[in-house]
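For reference, the structure discussed in these notes is given below.
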Amino acid sequence: MNTTQAPISAVDAAHARRSIRNYSPQPVSEETISALLTAAGKAPSAWNIQPWKVHVIRNQELKNKLQQAAYSQSQVGSSQVLLVITSDMQSSLANLGSRFAYLGQEKAASQADSVRSVFAKMNTDAQENWARSQANIFLGYLLLVASSLGLGTSPMLGFDAERVKEILGLAQNVQIPALVAVGWPAEEGFVSSRIEFSELAQHWN
Ligand SMILES: Cc1cc2nc3c(=O)[nH]c(=O)nc-3n(C[C@H](O)[C@H](O)[C@H](O)COP(=O)(O)O)c2cc1C
């Protein structure tokens, strides 16, 4: 791996993480991206459906086009790697068998039937929103693992999803929960605060 540090713990990574929008020219290896995505891919999802996918973009021309679609946010074009996280419930429903294969053939078929019957009661928007909410769990894992590996990331919702879909040739139903610019940090990021613990947690002892 190309990291300058051994991975730090999840707790330390959560405390250390900040959005990073300026990157060092040092390349981020395929090995590092694989380590990042493999660990992030361990994120849990309801019924283990994992309705997410990641487009890993290194092509500079493509990054420049996507930067335009992201209201010219410079970290899109200057990232070493741009990750476009998508979710797609239609495709997940079509591939339920593979998601449940670990259960064995009989249980997998019955699990797929019961999941299909739940989603049959939802309209397309509700299905895609559900998939998007699951993909956000993946996004959280991704940001945390990146921090653990010492990578800088900038998660973004500031983009025109229709233009991004057009540039990448994605189907209309596909959702884009986030773009994530990735690189070795060349800045410390901004200091920001979080809500107080007393506001975050309500105890019912
Ligand atoms: C889903 C999501 C979307 C975001 N979109 C943008 C964005 O489009 N542009 C940007 O500069 N920062 C964006 N941010 C960064 C947030 O502003 C930032 O996470 C927040 O202010 C806390 O700062 P920190 O990430 O440094 O801890 C986004 C963050 C998240 C999690």
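Checking each residue in segment 178-205 for being closer than 11 Å to residue 23 by Cα and aliphatic (A, V, I, L, M) picks out 181, 182, 186.
With the requirement that a residue be touching a helix residue (DSSP H, G or I) at 6+ places or on another chain (Cβ under 6 Å) and either more than 14 Å from the ligand (Cβ to nearest atom) or of a type outside the set (Asp, Glu) (or both), what does segment 156-191 give you?
159, 163, 164, 167, 173, 175, 176, 177, 178, 181
Residues in segment 152-175 that are over 20 Å from residue 142 (Cβ atoms) and small (Gly, Ala, Ser): 169, 171. Residues in segment 2-29 that are farther than 17 Å from residue 181 by Cβ and either of a type in the set (A, V, I, L, M) or not in a loop (DSSP other than H, G, I, E, B) (or both): 6, 8, 10, 11, 12, 13, 14, 15, 16.
Of the residues that make up segment 59-67, is at least one assigned to a loop (DSSP other than H, G, I, E, B), away from the ligand (no atom under 16 Å from the Cβ) and at pLDDT 95 or above? Yes, segment 59-67 contains at least one residue that is assigned to a loop (DSSP other than H, G, I, E, B), away from the ligand (no atom under 16 Å from the Cβ) and at pLDDT 95 or above.
Whenever a residue of segment 101-121 is within 20 Å of residue 88 (Cα to Cα), its partners that are modelled with pLDDT of 90 or more and polar (S, T, N, Q), lying with C-beta atoms within less than 6 angstrom and at least six residues away or across chains, give the pairs 119/127. Please work out if residue 49 is within 16 Å of the ligand (Cβ to nearest atom), touching a residue at least 12 places away in the same chain (Cβ under 8 Å) and under 21 Å from residue 130 (Cβ atoms). Considered against the rule, which asks whether it is within 16 Å of the ligand (Cβ to nearest atom), touching a residue at least 12 places away in the same chain (Cβ under 8 Å) and under 21 Å from residue 130 (Cβ atoms), residue 49 comes out as no.
Cβ-Cβ contacts under 7 Å between residues 6 or more apart (or on different chains), taken from a first residue in segment 159-182 that is in contact (Cβ under 8 Å) with a residue 40 or more places away in the chain and within 17 Å of residue 73 (Cβ to Cβ) to a second residue that is of a type in the set (Gly, Ala, Ser) and surrounded by fewer than 20 Cβ atoms within 10 Å (Cβ to Cβ), are listed as 176/161.
Taken together, 62, 93, 37, 66 contain a single residue that is surrounded by 19 or more Cβ atoms within 10 Å (Cβ to Cβ) and of a type outside the set (Val, Ile, Thr), which is 66.
Looking at (1) among the polar types (S, T, N, Q); (2) at pLDDT below 95; (3) within 13 Å of the ligand (Cβ to nearest atom), which one does residue 105 not meet, given that it meets all the others? Checking residue 105 against (1) among the polar types (S, T, N, Q); (2) at pLDDT below 95; (3) within 13 Å of the ligand (Cβ to nearest atom), the one that fails is (3).
Please pick out the residue among 180, 164, 191 that is in contact with a Pro (Cβ under 9 Å, 6 or more places away or on another chain) and either within 30 Å of residue 28 (Cα to Cα) or of a type outside the set (A, V, I, L, M) (or both).
On the way: 164 fails: in contact with a Pro (Cβ under 9 Å, 6 or more places away or on another chain); 191 fails: in contact with a Pro (Cβ under 9 Å, 6 or more places away or on another chain).
After ruling out the rest, the residue left standing is 180.
The values are calculated or read from the model by the stated rules, or taken from the named source; none is laboratory data. Bear in mind the structure is a predicted one, so any value in this text is a computation, not a measurement. With ideal geometry, Cβ positions are generated from the backbone for all residues, glycine too; neighbour counts draw on all protein chains shown.
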